[in-house]
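Q: Quick one: the structure is below, questions incoming.
The values are calculated or read from the model by the stated rules, or taken from the named source; none is laboratory data. Computed from a predicted structure; not experimentally measured. Cβ atoms come from the backbone with ideal geometry, glycine included; neighbour counts cover every protein chain shown. Please note that ligands, DNA and RNA were not included when accessible areas were found on the heavy atoms of the full protein model with its side chains. Shrake-Rupley method; radii C 1.70, N 1.55, O 1.52, S 1.80 Å.
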Amino acid sequence: MSEKRETRIVYGEALVEAGQRNDRVAVLDADLFKSTRSVLFRDAFPERFVDMGIAEMDMVSTAAGLSASGMVPFVNTFAMFITAHCYDQIRIQICYPRLHVVLAGSSAGLTQGPDGASHQSLEDIALMRALPKMTVLVPADGVETRAMTLAAAGQLDGPIYLRLGRYPVPDVLPEDYVFELGRAKWLRDGDDVAILACGHMVAAAVDAAEKLAQEGISAAVVNMSTIKPLDVASVHEAMRRRLVVTVEEHSIIGGLGGAVAEAMAEVGGGPRLLRLGTRDVFGESAVADELLEKHGLTPDGIASSVAGALSH
Amino acid sequence: METSERTLRLKSVSYREAILRIISQAGAGHTGGDLSAIDILNVLYNRILNVSPQTASDPDRDRFVQSKGHCVEALYAVLADRGFFPSAELDTVCRYGSRLIGHPTRAVPGIEHNTGALGHGLAVAVGMALAGRLDGRSYRVFTLLGDGELDEGSNWEASMAAAHYGLDNLIVIVDRNGLQITGPTEQVNALEPLADKFRSFGYALRQVDGHDIPALVEALASAPFERGKPSLLLAHTVKGKGISFAENQAGWHHRVPSAAELERAWAELAAQRAALEGS
């Protein structure tokens with residue numbers, strides 16, 4: 001197994017690579033550049049780095065101005081601050097005029113850990129997904145984080161939300177993985193159940209599928225790293241099993257689970273859907289593994305929920 | 001009066017007529033703020049900004065961001081006059097299917113940025129000014145703020161950044177008409193001492209009568225007011241300026257004139273035109 005990496009760390013390294021490839025890339029941060037790892041870009045390209053201080057709303061609007069003037073801004077702070085705190089600015093200044101701005105939400109999800117609910121973004125995917133013209137990306141591992149970061153600075157256009165975490169995960173994708181917007185990656189096929197996961201939960205879902213196999217349950221695992229636009233064809237393919245499961249380090253309301261529920265309901269019929277994630281609650285302080293355990297988001301927890309749902 | 005000044009002042013009369021026509025046909029709009037800002041927009045678009053329909057995507061053009069987006073009727077009147085779109089289109093403002101909607105969008109030729117939620121424009125202008133510096137371009141970025149929207153804290157965040165980065169390619173104009181939707185700014189959430197606040201935030205500041213055309217031309221042409229600092233022009237204006245019964249009335253923030261009020265307004269504006277033509 002490969003070395004485990006945090007997607008926020010890989011992102012910081014990839015940002016420098018993006019800056020080398022594209023001299024229009026500019027980076028903004030709100031006094032968290034060490035944690036978001038945009039410090040690496042600052043050191044490599046100080047003239048294209050803008051520290052806004054602890055002024056996130058100002059940072060988002062300033063990025064809009066930079067984009068409107070031809071730059072490709074990457075905006076950095078914790079996921080909760082960039083999405084909830086700046087929603088109006090993102091909506092009016094970036095999405096409405098469809099500007100190419102990359103909002104990198106760092107330390108997303110429960111695994112932010114000890115800071116507790118104020119810093120644990122469990123609604124950010126839902127918030128960003130609701131915005132017209134927004135693309136929502138949740139990389140599964142280091143390989144995909146690099147691919148998405150370079151794509152966001154290159155061939156992609158428009159507003160992009162890139163959700164990054166601070167939980168070390170093994171690479172689940174091959175080194176030669178090519179990111180395609182809106183195309184889910186089937187990591188493993190299986191006949192009984194399809195587990196659609198995003199972010200940190202993809203590696204956990206792969207492990208859960210192994211455990212289920214030992215119980216005689218054949219589980220497919222799909223990396224749904226583009227939440228918007230959703231790979232609806234993969235959802236339809238998943239519906240050929242007895243059960244569809246979504247797993248995310250996010251509320252079951254409005255995120256991957258919400259998106260898949262909408263896609264399944266529009267087709268109608270088909271199997272039932274089990275949404276795994278946080279269940280309409282705020283986070284709390286603890287180390288990451290304790291919180292994943294509590295919310296049933298470990299490989300054992302996922303396998304147990306899936307087996308339970310199949311037995312009903 | 002110099003020919004140049006008379007020409008501009010006649011334009012202001014025409015713009016005021018256009019604003020009232022737009023608001024009347026739309027059945028909606030922001031009469032008071034349009035009329036307080038129109039002389040500023042007149043000077044900007046006819047004497048200061050190096051913009052034209054032919055150079056609308058020139059990377060070296062000056063930028064203008066109207067943060068007080070609700071006063072879009074005034075902007076539409078000026079942009080149509082400058083040829084960014086046909087004047088006949090002004091009859092479609094706020095109508096179904098029209099691109100001239102109730103707040104500025106980039107879909108309209110000549111408009112640089114979407115606004116409407118207050119307190120956003122200054123930070124966008126800061127981004128444009130930073131981009132100009134990063135690109136080594138000499139364009140200037142102008143933004144027009146209402147005084148009511150200064151309640152929004154984002155203006156003060158953006159002001160800190162503008163001063164911190166020494167953006168002397170940024171010129172902020174405040175339409176200080178003293179009224180916001182529910183009453184005088186000093187009663188709603190007092191702004192004074194406003195000039196002192198702006199100076200302490202790092203601006204080079206000048207004050208002007210926002211309806212004195214030659215004074216506006218002189219002040220805006222002199223920007224930056226100081227090298228290494230963002231400029232702030234505090235323009236003292238009258239909400240509803242030019243229509244006697246609308247002046248200094250908070251109720252005219254978004255009131256639509258009745259037929260009888262329109263008749264009075266046309267007569268007042270006709271008298272203003274006649275006085276200018278005879279001067």
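Q: Checking residue A:82 against (1) open to solvent by less than 10 Å² (accessible area, probe 1.4 Å); (2) within 12 Å of chain B (Cβ to nearest Cβ); (3) assigned to a helix (DSSP H, G or I), only one condition comes out false. Which one?
A: Of the numbered conditions (1) open to solvent by less than 10 Å² (accessible area, probe 1.4 Å); (2) within 12 Å of chain B (Cβ to nearest Cβ); (3) assigned to a helix (DSSP H, G or I), the odd one out for residue A:82 is (2).
Q: Working only within the stretch B:65-101, note down all residues that are of a type in the set (Ser, Thr, Tyr) and more than 13 Å from chain A (Cβ to nearest Cβ).
A: Once the filter is applied, which keeps residues that are of a type in the set (Ser, Thr, Tyr) and more than 13 Å from chain A (Cβ to nearest Cβ), the stretch B:65-101 yields B:76, B:87, B:92, B:96, B:98.
Q: Which of the residues that make up the stretch A:87-96 are surrounded by 24 or more Cβ atoms within 10 Å (Cβ to Cβ) and either within 7 Å of another protein chain (Cβ to nearest Cβ) or in a loop (DSSP other than H, G, I, E, B) (or both)?
A: A:89, A:93
Q: So the check is Cβ under 6 Å with 6+ separation or different chains; which pairs have a first residue in the stretch A:171-196 that's open to solvent by 80 Å² or more (accessible area, probe 1.4 Å) and a second one that's assigned to a loop (DSSP other than H, G, I, E, B) and of a type outside the set (Phe, Trp, Tyr)?
A: Hits for this filter: A:183/A:231; A:191/A:218.
Q: Please list, ordered by first then second residue, the pairs with beta carbon atoms under 7 Å, 6 or more apart or interchain, first in the stretch A:26-54 and within 14 Å of another protein chain (Cβ to nearest Cβ) and open to solvent by 30 Å² or more (accessible area, probe 1.4 Å), second β-branched (Val, Ile, Thr) and in a loop (DSSP other than H, G, I, E, B).
A: A:31/A:54
Q: Moving on. I'm checking my understanding of the structure. Among residues of the stretch A:224-278 that are farther than 20 Å from residue A:306 by Cβ and among the aliphatic types (A, V, I, L, M), which one is nearest to the chain's Cα centre (by Cα)?
A: Checked the stretch A:224-278; the qualifying residue nearest to the chain's Cα centre (by Cα) is A:227.
To keep it simple, each residue is scored yes or no on (1) buried (at least 24 other Cβ atoms within 10 Å of the Cβ); (2) touching a residue at least 60 places away in the same chain (Cβ under 8 Å); (3) at the interface with chain A (Cβ under 10 Å from one of its Cβ atoms).
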residue: B:103; (1), (2), (3): no, no, yes
residue: B:106; (1), (2), (3): no, no, yes
residue: B:109; (1), (2), (3): no, no, no
residue: B:119; (1), (2), (3): yes, no, yes
residue: B:124; (1), (2), (3): yes, no, yes
residue: B:130; (1), (2), (3): yes, no, yes
residue: B:133; (1), (2), (3): no, no, yes
residue: B:136; (1), (2), (3): no, no, no
residue: B:163; (1), (2), (3): no, yes, no
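Q: If you don't mind, there's one more thing I want to ask. Step by step: first the residues of the stretch A:10-25, then only those that are surrounded by 19 or more Cβ atoms within 10 Å (Cβ to Cβ) and part of a helix (DSSP H, G or I), then the one that is farthest from the chain's Cα centre (by Cα). Which residue is that?
A: A:19
Q: Return the residue satisfying two criteria in turn: it lies in the stretch A:55-77 and is hydroxyl-bearing (Ser, Thr, Tyr) and open to solvent by 10 Å² or more (accessible area, probe 1.4 Å), and of such residues it is farthest from residue A:20 (Cα to Cα).
A: Among those that are hydroxyl-bearing (Ser, Thr, Tyr) and open to solvent by 10 Å² or more (accessible area, probe 1.4 Å), it is A:69.
Q: Residues in the stretch B:168-180: is at least one open to solvent by 20 Å² or more (accessible area, probe 1.4 Å), among the polar types (S, T, N, Q) and without any contact (Cβ under 8 Å) to a residue 12 or more places away in the chain?
A: The answer is no; no qualifying residue exists.
Q: What's the total number of residues in the stretch A:210-248 that are part of a strand (DSSP E or B) and open to solvent by 10 Å² or more (accessible area, probe 1.4 Å)?
A: Number of matching residues: 1.
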